[in-house]
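The values are calculated or read from the model by the stated rules, or taken from the named source; none is laboratory data. Since this is a predicted model, take the numbers as computed values, not measurements. Every residue, glycine as well, gets a Cβ built from its backbone with ideal geometry; the counts of neighbours run over all protein chains shown.
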Amino acid sequence: MELKIDPWGAVHVDDYSKLFDEFGISDFVKEILPQIDNPHRYMKRKIIFGHRNYDSVLKAMKEEKSFAVMSGFMPSGRAHFGHLMVMNEIIWHQQQGGDAFMAIADMEAHAVRGISWARCRDLGIREYITSIIALGFKPNGHIYFQSDNFDMRNLSFELAAEARFSEVSAIYGFSGETNIAHMECTTIQSADILQPQLKKYGGPKPVVIPVGSDQDAHIRLTRDLAYRMRKFLVEQRDNYVSIRGKAAEPALISSVVEALKGAGYDKVRQYEEHIDIPGTTDVSSIDDLVSGIEVSHGELGFMPPASIYHRFMTGLTGGKMSSSKPESHIALTEDPKEAAKKLMRAITGGRQSLAEQKRLGGEPEKCSIYEFLLFHLSEEDKEMQELFEECKSGEMLCGACKKAAAERIEIFLKDFQKEKAAAVEKLPDFGIKV
């Protein structure tokens, strides 16, 4: 059966390998992880499982060149531990030298969920902005509400001129009942993603978007729109690189040829509709050069954004953790003692009886408690490996595991909420007015 990915619906993925085959997502663990010297624990623990074009971001990191990280949050409810994953990924990339962007998707929440502007702002600040600041987001990053960001909104209008109603409807499954503002949110999200490449932020650069796989539709559309905004398509053909102009002015084509020769590509061949560079396959460097020429001529020169995909957290009641199902998640503003009680009631990977558990062992790969520890409550890889083995062997019983996790989450939330309260005083440093 075909796997349907809906960015505004409830998605639970049983077999992540299907995403490699059906959507062209690449394997992060095999292709990228071995190349990272100091991976985040989500990477080491294979919680981040897939990517699109993350090679470009990794290359920028290693060469200490400019790159950015961007993601957003729709203020439709309380922030929970599923959102915490994205926040941690943004912060990790900021720590690696990336220019960090966080959007509060109030326009999307208003159009798609019908949430008032006042409530969007309240939730955005109280639930999301103060949370990411508490986790360590630095003031040199960028936090904004979509409705306040007119550079992004102007870019959204430009992108909309390149999007087609038929393709957007096919990607998102829009019907005749879908309101136009909801449709507009598709190019608003694309503008959020491409905004870090605007001239005011240093121009074209690799940008990574950390998301769950339910957001891949946005990534695919944005990558297509980024290509369409370019004046040149740079691609490898056999043992040479070809540059094809898309309605590019003669002066722009001449500038590209001159820049290539100035960069040492002395075998440049210019034809009526394209440019060939024999004897090289360095598409990345040539595309960077061509993109820079486009920008110098007043164009945008966007690079297609990269993305990384993390596994969904299992809800406490089974299925995907969801903001719309309070019983399935623990909010970051939850009373710590109540959060501990929720964990004690959560579905585990245990067997039907104590005797069966001791005889057959548990199933940590199906356990929401083990996931909480793996994703958030343990920094020690060795500890998680030992817990996995003890559970599988039947040595560790669910009651003891739940109790340990409940104690940890109570401590975590107490400490985190202190930092969150202190973050309110830091809001002016991020340009946020309460």
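In this structure, does LEU413 turn out to be buried (at least 18 other Cβ atoms within 10 Å of the Cβ), closer than 25 Å to GLU127 by Cα, outside the structural domain of SER131 (by TED's automatic domain parsing) and of a type outside the set (Val, Ile, Thr)?
Working: buried (at least 18 other Cβ atoms within 10 Å of the Cβ): yes; closer than 25 Å to GLU127 by Cα: yes; outside the structural domain of SER131 (by TED's automatic domain parsing): yes; of a type outside the set (Val, Ile, Thr): yes.
Spelling it out, LEU413 is indeed buried (at least 18 other Cβ atoms within 10 Å of the Cβ), closer than 25 Å to GLU127 by Cα, outside the structural domain of SER131 (by TED's automatic domain parsing) and of a type outside the set (Val, Ile, Thr).
Collect the residues in segment 24-47 that are crowded, with 16+ Cβ neighbours inside 10 Å and farther than 24 Å from GLU383 by Cα, keeping them in residue-number order.
Hits for segment 24-47 are ILE25, SER26, ILE32.
Return the residues of segment 166-201 that are under 21 Å from the mean Cα position of the chain (by Cα) and not in a helix (DSSP H, G or I); say none if nothing qualifies.
LEU198
If a residue counts only when it is under 22 Å from ASP55 (Cβ atoms), which strands (runs of 3 or more DSSP E) contained entirely in segment 203-303 have at least 2 such residues?
Working: elements: 207-212, 232-237, 240-245, 274-278.
Those strands (runs of 3 or more DSSP E) span 207-212, 232-237, 240-245.
Tally time: how many residues in segment 422-431 are over 24 Å from the mean Cα position of the chain (by Cα) and in contact (Cβ under 8 Å) with a residue 24 or more places away in the chain? Give the steps one after another, and end with the answer.
Restricting attention to segment 422-431, the residues satisfying the condition of being over 24 Å from the mean Cα position of the chain (by Cα) are 422, 424-426, 428-429.
Next cut, in contact (Cβ under 8 Å) with a residue 24 or more places away in the chain only: 422, 424, 426, 429.
Final tally of qualifying residues: 4.
Rundown of residues vs (1) of a type in the set (Asp, Glu); (2) not assigned by TED's automatic domain parsing to the domain that holds PHE174, yes/no style:
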residue	(1), (2)
ALA217	no, no
GLN236	no, yes
LYS246	no, yes
VAL256	no, yes
GLY262	no, yes
GLY279	no, yes
ASP288	yes, yes
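Between ILE133, ILE129, ILE104, ILE115, which is surrounded by fewer than 21 Cβ atoms within 10 Å (Cβ to Cβ) and in contact (Cβ under 8 Å) with a residue 24 or more places away in the chain? Let's see the steps before the verdict.
Values: ILE133 fails: surrounded by fewer than 21 Cβ atoms within 10 Å (Cβ to Cβ); ILE129 fails: surrounded by fewer than 21 Cβ atoms within 10 Å (Cβ to Cβ); ILE104 fails: surrounded by fewer than 21 Cβ atoms within 10 Å (Cβ to Cβ).
That would be ILE115, the only listed residue that is surrounded by fewer than 21 Cβ atoms within 10 Å (Cβ to Cβ) and in contact (Cβ under 8 Å) with a residue 24 or more places away in the chain.
Test each condition in (1) exposed (fewer than 13 other Cβ atoms within 10 Å of the Cβ); (2) hydrophobic (A, V, I, L, M, F, W, C); (3) closer than 30 Å to LYS366 by Cβ for MET396 and report the one that comes out false.
Unmet for MET396, out of (1) exposed (fewer than 13 other Cβ atoms within 10 Å of the Cβ); (2) hydrophobic (A, V, I, L, M, F, W, C); (3) closer than 30 Å to LYS366 by Cβ: (1).
Tell me, which residue of segment 48-97 that is farther than 18 Å from ASP216 by Cβ, touching a residue at least 60 places away in the same chain (Cβ under 8 Å) and among the polar types (S, T, N, Q) is surrounded by the most Cβ atoms within 10 Å (Cβ to Cβ)?
So the residue we want is SER76.
Specify which of the listed residues (ILE219, ILE193) is surrounded by 19 or more Cβ atoms within 10 Å (Cβ to Cβ), farther than 29 Å from GLU273 by Cβ and at pLDDT 95 or above. Walk me through how you get there before you give the answer.
Details: ILE219 fails: at pLDDT 95 or above.
Of ILE219, ILE193, the one residue that is surrounded by 19 or more Cβ atoms within 10 Å (Cβ to Cβ), farther than 29 Å from GLU273 by Cβ and at pLDDT 95 or above is ILE193.
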